[in-house]
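The values are calculated or read from the model by the stated rules, or taken from the named source; none is laboratory data. Bear in mind that the values here come from a model prediction, so they are computed numbers and not experimental data. Cβ placement follows ideal geometry from the backbone for every residue including glycine, while neighbour counts extend to all protein chains displayed. For the accessible areas, the whole protein counts, side chains as well, though only heavy atoms, and no ligand, DNA or RNA atoms are used. Shrake-Rupley method; radii C 1.70, N 1.55, O 1.52, S 1.80 Å.
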Amino acid sequence: MTEHSFAASGKPTSYSRVTLSRIMTAVDVNLYGTVHGGVLMKFVDDVAGAAAARHSGGTAVTAAIDEIVFSEPVRVGDLVHAHAQVNWAGQTSMEVGVKVVAERWDSAEDEPVRVATAYLVFVGVDVGGAPRPVRPVLPGAPEDERRFREAEIRRAHRLARRRAIQAHREG
């Protein structure tokens, strides 16, 4: 199979879904007694990288963290789950959405609490580190269609911001 036919084959959104889970410990804590944002950022990057690699069928590297929002603190003992999927793919890049939820150690019967969301951009790369084609995303469920369309909006904003900054620097 050539790279072109591989990239053209496409995969459903569900193919890229990955969940990583871990219990937060005392080594993850910041000065305020909650889990350090950097610990969660690495966790987000790890799960997003796994989803991007699964979707692209090979190595994918983080190109940008488009957005990360921390909505609730995470505490020591919480069981944290990071759920990721590729929302959109272009020629060589992919947007990965991540939702992070926590099961509180002291109220395990309650519903998990959403603690963070993030959008990251990954690029598929070959063994030499050069960008390589990635397969398209084939959204299935209505929720996947919505995420695909919203990813296109975020991409348009990223490109417009890049053009505006470049124009400012040249002006």
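Structure summary
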item	result
Net charge, residue 51 excluded, C-beta distance under 12 Å - Lys, Arg +1, Asp, Glu -1	+1
Helix 37-56 vs. the chain, principal-axis angle (Cα, 0 to 90°, nearest 10)	40 degrees
Top positive-direction residue, dipole computed over segment 41-158 with Cβ charges, set 92, 116, 63	92
Protein-only accessible surface order, largest first, of 40, 138 at 1.4 Å	138, 40
The chain: relative contact order as a whole-number percent, Cα under 8 Å and 6+ apart	27 percent
Inter-label distance for residue 79 and residue 30, nm, one decimal - labels placed 7 Å from Cα along Cα-to-Cβ	2.6 nm
C-alpha center-to-center spacing [segment 144-162, segment 48-71] in angstrom	15 Å
Accessible heavy-atom area order of 99, 42, 11, highest first, probe of 1.4 Å	42, 99, 11
Per residue accessible area in Å² of the chain, where ligands, DNA and RNA are left out and the probe is 1.4 Å	56 Å²
Principal-axis tilt of helix 142-170 within the chain, Cα atoms, nearest 10 degrees	70 degrees
Of all accessible heavy-atom area on segment 79-171, the percent that carbon and sulfur account for (1.4 Å)	54 percent
